[in-house]
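What follows is one structure encoded as structure tokens, with my remarks underneath.
The values are calculated or read from the model by the stated rules, or taken from the named source; none is laboratory data. Note that the structure is predicted; figures quoted are calculated from it, not measured. A quick note on method: Cβ atoms are made from the backbone with ideal geometry, for glycine too, and the neighbour counts reach across all protein chains shown. These accessible areas exclude ligands, DNA and RNA; they are computed on the full protein's heavy atoms, side chains included. Shrake-Rupley method; radii C 1.70, N 1.55, O 1.52, S 1.80 Å.
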Amino acid sequence: MGFPEENVLKAIQEYGDENVDELTDALLTYAEVEEMSETKDENINTNDDDNLYSLSSDDEDKPNYSNVLQYLINMDFSREEAAKALERCGEDASVEEVVNYICAAQMARQFDDFFAQQDKKELITNSKKRRVYNEPQRRKRKPNTAMANDELIRLPNPMTGFGVPNEPGIMTKRPVPIPDVARGPPYFYYENVAMASKGAWAKISSQLYDIMPEFVDSMYLSAAAMRRGYVHNLPIDKRYQIQPPPHYTIQEAFPVTKRWWPTWDERLKLNCLGTFLGSATLTNRLREKLEKHDGEPPESVQKEVLKDCRKWNLVWVGKNKLAPLEPDEIEKLLGFPEDHTRGGGLSRTERFKSLGNSFQVDTVAYHFSVLKPLFPNGINVLSLFTGIGGGEVALHRLNIRMNVVVSVESSDANRNILRSYWAQTDQKGTLREFTDVSKLDKHTIERLMDEYGGFDLVIGRSPCKNREGDHSYLFFEYCRILETVRSKSADMRRR
Ligand code: SAH
């Protein structure tokens, strides 16, 4: 078939030699990647910050696959990684989903490196400590870890976790109980993208007392799909939704779009919301494509347009006119108050970025609702990687009093957002800010706990790699801090 021998060997190593279709796909991908690298970077605007998260106009006439591929490469992902992720996520996947997938795969690899580098002694002590309670310990390393880690976890379908509102058959008990050692308080809540590899989830879970992740798609709680896994030790019985309930469909959330929404676009929910945007040129191209036809466009055109709509999360804002979501629309879909990220010196790009990494508030609030009766006198929160404060907004919207929030967040912009949000609420408690989780040492944590009487809830989500470099090791910072809080809490209870 004329593929270079080197590529054939590589593909066989990765996919085995049994499935010819898979092999051919892999080889075609390699070829495409190589072709892309030859034309690389010529037409991508890498330096203009405002274009960082939008598709550069010069790419427009290329086929969509290459477009997205180049776009990912422009974000500093390797060609091979990007091509593979695109292939795995499927043609209709949103750019955000593909990026999430790459991040998760990177995370899995980082876990291996991390463990390889760790002081073995410390690890042995830790794992011995936990082995008493946990059955599945870290498995023996398979010969090809990269491949083993790439294997996707079988995600539940429908992705309704341990129950979502308004769906029959809500669970009141976890399918696998929380081991005694991990029971709260203090409670903890850790989020990560669902589409991580098996390896990554196994490792996250094994570091968090082997608690089974709760996989939830936010489409059951809002008008946007967002698939996440949550490892937490919260009770699950008697959860409730914040009121008023959210809008469940795009058309309910944005009624003005109804007028322009064609019947052949059957989307009711938006795809994961992201830091990535379709550009004006893209939407213009779609408009031109649609305008060529009087009335309903032929099915082939509909299909093409819908693919871009899904990929770039476009909504109808006029006749034949599509547009990406605006930051305030994303705020709404994520359950934040209007203008949460607006002003205070934040650029549009920064708003998109902060929103794209955030929690979906309705989802998190549903999980946190069980805390309300447990803490009638208010709650002490340690919030790691706070971002724009999705966790805090969820607690506030549940009318849970926060006696103190110790927030650790490195971005000035995000800290400003939370600070001004805090000032707007009638929360009487203290907001205490730190900037770097790796600098939050044992002594500082213990001192804070003495000062405030301990923490009741530790919230976190480790950041994903983007231009700032690789952050996966930060997951271990979450674990370290959690462990310190839990052991200090036990000491405090004994006293
Ligand atoms: N759950 C949050 C979003 C978390 S995204 C929300 O609802 O908004 C992860 C956050 O970690 C980002 O905001 C990033 O700025 C921050 N971060 C990255 N490195 C950090 C570090 N070393 N210490 C503290 N925060 C960090």
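Working only within the stretch 360-399, note down all residues that are more than 16 Å from the ligand (Cβ to nearest atom) and of a type outside the set (K, R).
If the condition is that a residue be more than 16 Å from the ligand (Cβ to nearest atom) and of a type outside the set (K, R), then S369, V370, L371, P373, L374, F375, P376, N377, G378, I379, N380, N399 are the ones that fit.
What do you reckon, is V301 crowded, with 21+ Cβ neighbours inside 10 Å, β-branched (V, I, T) and either within 16 Å of the ligand (Cβ to nearest atom) or more than 30 Å from Y452 (Cα to Cα) (or both)?
In short, no.
Among the numbered criteria (1) within 12 Å of the ligand (Cβ to nearest atom); (2) within 20 Å of the chain's Cα centre (by Cα), which single criterion is violated by D412?
The single condition D412 does not satisfy is (2).
Every residue in the stretch 224-235 that is in contact (Cβ under 8 Å) with a residue 40 or more places away in the chain and crowded, with 24+ Cβ neighbours inside 10 Å, please.
A224, M226, R228, H232
Having 1 or more residues that are within 17 Å of the chain's Cα centre (by Cα) and modelled with pLDDT under 90 is the bar; report the helices (runs of 4 or more DSSP H) wholly within the stretch 302-369 that clear it.
Where helices (runs of 4 or more DSSP H) fall fully within the stretch 302-369 and carry at least 1 residues being within 17 Å of the chain's Cα centre (by Cα) and modelled with pLDDT under 90, they are 348-356.
Scan P297, P262, P245 and give me the residue that is part of a loop (DSSP other than H, G, I, E, B), under 25 Å from the mean Cα position of the chain (by Cα) and over 22 Å from Q70 (Cα atoms).
After applying the criteria, what remains is P245.
Take R432 and decide whether it is under 26 Å from E477 (Cα atoms), away from the ligand (no atom under 13 Å from the Cβ) and free of Cβ contacts under 8 Å to residues at least 24 places away in the same chain.
no
Taking the stretch 172-182, which residues are part of a loop (DSSP other than H, G, I, E, B) and either among the polar types (S, T, N, Q) or surrounded by 14 or more Cβ atoms within 10 Å (Cβ to Cβ) (or both)?
Hits for the stretch 172-182 are T172, R174, I178, P179.
Could you please let me know if S489 is of a type in the set (S, T, N, Q) and either more than 12 Å from the ligand (Cβ to nearest atom) or in a strand (DSSP E or B) (or both)?
yes
Residues are listed down the side, and each one gets a yes or a no for (1) among the charged types (D, E, K, R); (2) open to solvent by less than 20 Å² (accessible area, probe 1.4 Å); (3) away from the ligand (no atom under 14 Å from the Cβ):
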residue: R401; (1), (2), (3): yes, no, yes
residue: I417; (1), (2), (3): no, yes, no
residue: D426; (1), (2), (3): yes, no, yes
residue: E446; (1), (2), (3): yes, no, yes
residue: M449; (1), (2), (3): no, yes, yes
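I'd like to verify a number: residues in the stretch 353-378 that are surrounded by fewer than 24 Cβ atoms within 10 Å (Cβ to Cβ) and hydrophobic (A, V, I, L, M, F, W, C), how many?
Total meeting the criteria: 4.
Please verify whether the stretch 316-327 includes one or more residues that are within 16 Å of the ligand (Cβ to nearest atom) and open to solvent by less than 20 Å² (accessible area, probe 1.4 Å).
Yes: one or more hits.
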